[in-house]
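Since the structure comes first, as structure tokens, the remarks are kept for the end.
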Amino acid sequence: MANRLAGETSPYLLQHADNPVAWHPWGEQALTLARTQNKPILLSIGYSACHWCHVMAHESFEDAEVAAVMNALFVNIKVDREERPDLDQIYQTAHQMLTGRAGGWPLTMFLNPADHMPFFGGTYFPKTPRHGLPAFPEVCRGVARLYQQRSADIAQQSGALRDMLASTVPRPAGDTGQTGLDGLDSAPIRSGRDFMLRGFDARYGGFGGAPKFPHAGELAFLLRRAGRGDGQGDDAARDAALTTLIRMAEGGIRDQLGGGFCRYSVDERWEIPHFEKMLYDNGPLLGLYADAWQLSGDARFAEAAESLVDWLRREMLLPGGAFASSLDADSEGEEGRYYVWDRGEVQALLTEEEWAVAARHWGLDSPPNFEHAHWHLRVAAPLPPAQAAILASARAKLLARRETRVRPGLDDKVLTGWNALMIEGLAHAARVFDRPDWLALARGALDFLRTTLWRDGRLLATARRGRAHLDAYLDDYAFLLLALTELLQADFRADDLAFARTLAETLLARFEDKAEGGFHFTADDHETLIHRPKPMHDNSMPSGNAAAILGLLRLGRRLGQPAWLASAGRALRLFQPELSRHPGGAATMLMALEEALAPVDVNAPACTDVSCSMPERVLQAR
């Protein structure tokens, strides 16, 4: 029997619509029910491509006995973290404060029904005790007892937690009387660069050890340092960025047959990925590979970019022109099953000549590298140029065979911010490689966003199969503003400039903290939650505050908008003390600071009319 998730747009929520758990979507109906019944809220946050979300669902949420415990003790709320990043951001931070450990997905939090403050939490819990974790039914019973027996302690803890959450919002250092872009210090740029390079893995590329993530923001910052046009190019930054991008392109984190990049590598060598593919990673990476090719001329970067767009067009493009959100890590209940190979299957598909080339190049002549039984393709040996056509023939045959397998699940909802990141990457790469077909893809996605997700002067966050809803977040506005600046450079259209103006004005009106500076993650009329963050650091995507500052700087300077530049300056001054203390993980904000400090061509006329075209480049470096 379907629960209350059956009418939702999120594929993740719909995956749970037939669970025996009496799930509710987040909303006033569920929150009121919890207060009325005086039951704690069990809040479960995940997303459709998440492997451990599937594991917990199969073990517990599809089990009638576990569901009976959950239904008796709690009001159960299921949230798609991709549709509700506001809730995910708040409760991930709260989880870390409560437990002292990083969060993740599935996130399992237990909330007081009176004020929605969490009082206990974790991530994945197994149905029976293992991995050092308690059984989920016992966790549920223990939490229910805790709520009934220790209400005073919970209230005290909630007050302290609320104060801790509030302390994460930066406060102005004091009234310095500075306005515009005055009072900014360049020191964090150097300290941030040094911090990144200290963590650089010179052998395999990337930063730190396993698991290893692409960290697109850091790579963009380092490429920017490497490509400075003042004769002061940074060789160490260049080496770190280009080495990382080559190792990723050669590794298993990149789909060697179909193109595109998975979310992260489980090892430090980029060899075995967590197989989910996310749109938000691949958009920025496309722009980075274009920049790396432009900087180095290395054909491997161009090939990685081209195969990424091939994957995007083949597997992620939706009717109407927008892009789907993600591809699952699992198929037929197993992670990676769609992507890995048995050696005999490959050998049977190829000619002897093709097998000899493919086996050496992709490591099929080595021991199995996936669970000691299968092979996941990565570049194990260089390919002589004379063998390129042979490998291309082998790749086509393997890709055709793979297409006959049961495909991983596609999350086909359209997310405004994620599409904006891909539009920006496509527009930038189209300009670098002179690819009008890539530009057409970017325009198709933008047209969808404007016609479907721009309503009555405001953005919506998500759409699926004709239904668009949920007010957009700071990231959606800021990423789309940056995407439009790239499109305007690639192919100027007056309508795009007018739309960019409107977006910038709406962002300032609905998200800016005019008293203290910076931008809230949620709009001024968003529902009241336990916390209203104003994030500076990047996470899996760029910081919305940093992206907003960049967009306002780039467009504001070109259009002669001192009020926009003043807002960017207020935000940078607000974040500068924290940026000075903790530049790590804030690469996009460092780039925003660098752009704010960049000299301006005083002879360039302000563009005050939509007939004025954007320059070939807003700045010397991206």
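Quick notes on this structure:
- Summed over the stretch 155-171, the residues that are touching a residue at least 12 places away in the same chain (Cβ under 8 Å) and over 17 Å from H116 (Cβ atoms) give a count of 4.
- Residue within the stretch 403-416 that is in a strand (DSSP E or B), modelled with pLDDT of 95 or more and charged (D, E, K, R) present: yes
- Qualifying residue in the stretch 446-467 (condition: in contact with a Gly (Cβ under 9 Å, 6 or more places away or on another chain), within 19 Å of S307 (Cα to Cα) and in contact (Cβ under 8 Å) with a residue 24 or more places away in the chain): no
- Residue under evaluation M109, criteria (1) buried (at least 21 other Cβ atoms within 10 Å of the Cβ); (2) free of Cβ contacts under 8 Å to residues at least 60 places away in the same chain; (3) of a type outside the set (D, E), criterion not met: (2)
- A count restricted to the stretch 172-189 and to residues that are out of contact with any Leu (no Cβ under 7 Å at 6 or more places or on another chain), in contact (Cβ under 8 Å) with a residue 60 or more places away in the chain and not aliphatic (A, V, I, L, M) stands at 6.
- A Cβ distance below 7 Å, combined with a sequence gap of six or more or placement on separate chains, defines the contacts here; from the stretch 236-264, residues that are in the same structural domain as A392 (by TED's automatic domain parsing) reach no residue that is buried (at least 24 other Cβ atoms within 10 Å of the Cβ).
- Of all the listed residues (L529, L574, L619), the sole one being closer than 30 Å to L285 by Cα, modelled with pLDDT of 95 or more and either assigned to a loop (DSSP other than H, G, I, E, B) or not basic (K, R) (or both) is L574.
- Close pairs from the stretch 490-516: first among the charged types (D, E, K, R), partner at pLDDT below 95 and surrounded by fewer than 17 Cβ atoms within 10 Å (Cβ to Cβ), Cβ under 7 Å, at least 6 apart: E516/R171; E516/P172
- Qualifying residue in the stretch 26-42 (condition: buried (at least 16 other Cβ atoms within 10 Å of the Cβ), at negative phi and among the polar types (S, T, N, Q)): no
- Within the stretch 132-154, the residues that satisfy the criterion of being in contact (Cβ under 8 Å) with a residue 40 or more places away in the chain, within 19 Å of M117 (Cβ to Cβ) and out of contact with any Leu (no Cβ under 6 Å at 6 or more places or on another chain) are V143, Y147, I154.
- Residue count, the stretch 123-180 (criterion: closer than 22 Å to G103 by Cβ and among the polar types (S, T, N, Q)): 5
- All positions within the stretch 11-53 that are under 20 Å from the mean Cα position of the chain (by Cα) and part of a helix (DSSP H, G or I): P11, Y12, L13, H51, W52, C53
- Filtered residues of the stretch 312-347 (kept if more than 26 Å from W454 (Cα to Cα), part of a helix (DSSP H, G or I) and in contact with a Phe, Trp or Tyr (Cβ under 9 Å, 6 or more places away or on another chain)): R343, V346, Q347
- From the options L426, L459, L449, residue that is buried (at least 24 other Cβ atoms within 10 Å of the Cβ), of a type in the set (A, V, I, L, M, F, W, C) and not in a helix (DSSP H, G or I): L459
- Residue within the stretch 272-291 that is surrounded by fewer than 20 Cβ atoms within 10 Å (Cβ to Cβ), in a loop (DSSP other than H, G, I, E, B) and not small (G, A, S) present: no
- Subset tally (residues that are buried (at least 20 other Cβ atoms within 10 Å of the Cβ) and within 18 Å of P542 (Cβ to Cβ)) for the stretch 207-220: 8
- Meets criteria (basic (K, R), on the phi < 0 side of the Ramachandran plot and touching a residue at least 12 places away in the same chain (Cβ under 8 Å)) for R101: no
- No other residue among A380, A394 is touching a Ser or Thr at 6+ places or on another chain (Cβ under 9 Å), among the small types (G, A, S) and assigned to a loop (DSSP other than H, G, I, E, B) apart from A380.
- Of all residues in the stretch 66-91, those being part of a helix (DSSP H, G or I) and in contact (Cβ under 8 Å) with a residue 24 or more places away in the chain number 14.
Matching residues to (1) modelled with pLDDT of 95 or more; (2) of a type in the set (A, V, I, L, M); (3) touching a Phe, Trp or Tyr at 6+ places or on another chain (Cβ under 7 Å):
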residue	(1), (2), (3)
L181	no, yes, no
I189	yes, yes, no
F207	yes, no, yes
R247	yes, no, yes
G260	yes, no, yes
R263	yes, no, no
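- Among residues of the stretch 99-116, those that are outside any loop (DSSP other than H, G, I, E, B) and among the small types (G, A, S), counted: 0
- Only one of the listed residues (L223, L219) is outside any loop (DSSP other than H, G, I, E, B), closer than 14 Å to G585 by Cα and either among the charged types (D, E, K, R) or modelled with pLDDT of 95 or more (or both). That residue is L219.
- Applying the condition of being of a type in the set (S, T, N, Q) and surrounded by fewer than 24 Cβ atoms within 10 Å (Cβ to Cβ) to the stretch 526-566 and asking which residue is nearest to L508 (Cα to Cα) yields Q561.
- Those residues of the stretch 167-193 which are surrounded by 12 or more Cβ atoms within 10 Å (Cβ to Cβ) and part of a helix (DSSP H, G or I), in sequence order: A187, P188, I189, R190, S191, G192, R193
The values are calculated or read from the model by the stated rules, or taken from the named source; none is laboratory data. As the structure is a prediction and not an experimental result, all values here were calculated from the model. A quick note on method: Cβ atoms are made from the backbone with ideal geometry, for glycine too, and the neighbour counts reach across all protein chains shown.
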